[in-house]
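Just dropping this structure here.
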Amino acid sequence: MVMNLNFTDLLNNHIIAVTMVSWLLAQSIKLIIDKIRYREVDFTRIVGAGGMPSSHSAFVTSLATSIAFQHGLDSTEFALAFSLAAIVMYDAAGVRRSAGKQAKVLNKIVHDLYSKEHTIKKERLKELIGHSPVEVFAGAVLGILVAIFMA
């Protein structure tokens, strides 16, 4: 079986468009929030993890919602997308958030040791990698709303 892989088909895929708009909108909102909070723009936020709202949650909920509209709530496609969304959001608020908290503690330990003995290479770990439950929820709502708006 030969598949015709046409890049134009990818660009015309409505579900991919919805998920990308959700992701980009969430990342853009992070830029705005950071500008208000810190009075400066950090363009690394466009691709960075963590923060309000969760772009991971926005992405997967817009995916699941778009698939629900296109294939129905009783479809295998929706079941897969829903399961993926649950795993991603659990990971964002659980595992990755815990890793960020651990990074914060390790950074403090390295700072304390470095300032006393200078025998440890001072290398900071990334702390903002997870989300609070509110950030995950806000991202999920954003993703659903984008999918509804673009339906």
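Can you tell me which residues in region 34-61 are part of a helix (DSSP H, G or I) and in contact (Cβ under 8 Å) with a residue 40 or more places away in the chain? Spell out the reasoning first.
Looking only at region 34-61, we keep the residues that are part of a helix (DSSP H, G or I), and these are 34-38, 43-46, 55-61.
Within region 34-61, 55, 56, 57, 58, 59, 60, 61 meet the criteria.
Residue-by-condition table, conditions (1) of a type outside the set (A, V, I, L, M, F, W, C); (2) within 16 Å of residue 19 (Cα to Cα); (3) modelled with pLDDT under 95; (4) in contact with a Ser or Thr (Cβ under 6 Å, 6 or more places away or on another chain):
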{"site": "48", "(1), (2), (3), (4)": "yes, no, yes, no"}
{"site": "54", "(1), (2), (3), (4)": "yes, yes, yes, no"}
{"site": "58", "(1), (2), (3), (4)": "no, yes, no, yes"}
{"site": "63", "(1), (2), (3), (4)": "no, yes, no, yes"}
{"site": "74", "(1), (2), (3), (4)": "yes, no, no, no"}
{"site": "79", "(1), (2), (3), (4)": "no, no, no, no"}
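Of everything in region 29-82 that's of a type in the set (S, T, N, Q) and surrounded by fewer than 12 Cβ atoms within 10 Å (Cβ to Cβ), which residue is farthest from residue 149 (Cα to Cα)?
Step by step, filter region 29-82, then rank; the result is 44.
The values are calculated or read from the model by the stated rules, or taken from the named source; none is laboratory data. Everything numeric here is computed off the predicted structure, so don't read it as measured data. All Cβ positions, glycine included, derive from the backbone under ideal geometry; neighbour counts span all protein chains shown.
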